[in-house]
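Novice: Quick one: structure below, then a few questions.
The values are calculated or read from the model by the stated rules, or taken from the named source; none is laboratory data. Please read these numbers as outputs of a predicted model, since none were measured by experiment. Cβ placement follows ideal geometry from the backbone for every residue including glycine, while neighbour counts extend to all protein chains displayed. Keep in mind that these areas ignore ligands, DNA and RNA; they rest on the heavy atoms of the full protein, side chains included. Shrake-Rupley method; radii C 1.70, N 1.55, O 1.52, S 1.80 Å.
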Amino acid sequence: MRLTRSGLAALLAVLAMGQGTAAAQTASHETPPEGFVWYVLNTLNSADLDIEDPTNRPPLVTEIPQGVLEPMEVNDDGRADWLIRWPEAIAFCGTGGCRVSLYISDGDGFVRAFDRQALAFGISGVGAGRRVEATLHALECEDGSDPCRRAWVWDKQAGRLREHPPGAAPVAVIAVPAATDMEE
């Protein structure tokens with residue numbers, strides 16, 4: 001189902017008045033950027049669309065369900081990063097687990113750093129030692145026979161997650177100045 005501009009405007013007005021979901025009112029009191037609110041609601045409403053009979057659908061989702069959109073801190077820049085734990089529904093889950101999306105703050109915008117199905121997902125550690133960890137379907141593993149645990153750390157210079165062995169102590173990515181920037 002497509003949300004019209006007037007419908008979106010009305011929804012955003014309701015959220016702005018503080019009548020939003022518990023997900024928008026997290027412990028850190030972070031309000032999700034309106035683009036994330038629109039994206040999640042649009043995706044949730046589109047998931048059950050029956051193109052043969054658009055009236056054959058569940059009620060329109062107008063509030064983000066609790067626990068679906070949460071602020072996180074992955075890159076330690078003081079701005080909220082956003083985790084989307086899509087609902088456990090056939091549209092978002094399969095033999096590889098359920099879809100998880102992670103957006104990392106980068107300057108004035110966000111980078112989609114993780115967007116895949118995972119059997120388990122978590123963020124561990126603190127500061128530069130923070131790691132994104134996931135258990136993935138066997139098809140995404142080296143031997144392809146058993147699910148595997150993989151981990152990543154945020155690489156600020158590359159602007160993306162960089163794979164890091166799970167269980168190993170994370171190594172901070174440190175920027176080294178170019179020779180022309182060094183004092184002699």
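Novice: Roughly what would the spin-label model give for SER145 and GLU52, points 7 Å off Cα along C-beta, in nm?
Specialist: In this crude spin-label approximation the distance works out to 4.2 nm.
Novice: Another question about this same structure. I'd like the distance between the alpha-carbon centres of the range 42-77 and the range 90-140, rounded to an integer number of Å.
Specialist: Rounded to whole Å, the Cα centres lie 17 Å apart.
Novice: Further question: So, by mean Cβ neighbours within 10 angstrom, what's the order for 88-94, 67-73 with the highest one leading?
Specialist: Numbers: 88-94: 12.7, 67-73: 18.7.
Per-residue mean Cβ counts within 10 Å order the peptides as 67-73, 88-94.
Novice: Does the range 47-157 come out rounded, prolate or oblate by the C-alpha gyration tensor, with a ≥ b ≥ c the root eigenvalues, rounded set by a/c under 1.5 and, if not, prolate when a/b is larger than b/c and oblate if not?
Specialist: Numbers: a/c = 2.60, a/b = 1.32, b/c = 1.97.
Because a/c hits 1.5 or more and a/b fails to exceed b/c, the range 47-157 counts as oblate.
Novice: So, taking all protein chains as they sit and a 1.4 Å probe, how much accessible area belongs to THR135, in Å² rounded to tens?
Specialist: We get 30 Å² for THR135.
Novice: Residues of the range 26-143: accessible area per residue at 1.4 Å, in Å²?
Specialist: On the way: 6330 Å² over 118 residues.
I get 54 Å² per residue for the range 26-143.
Novice: May I ask you to work out the translational diffusion coefficient for the range 30-73 at 37 °C, viscosity 0.692 mPa s, via Stokes-Einstein with Rh from the Kirkwood sum over Cα pairs, reported in whole µm²/s? Before the final figure, lay out the partial values.
Specialist: Values: Rh = 11.8 Å.
For these conditions, the coefficient is 278 µm²/s.
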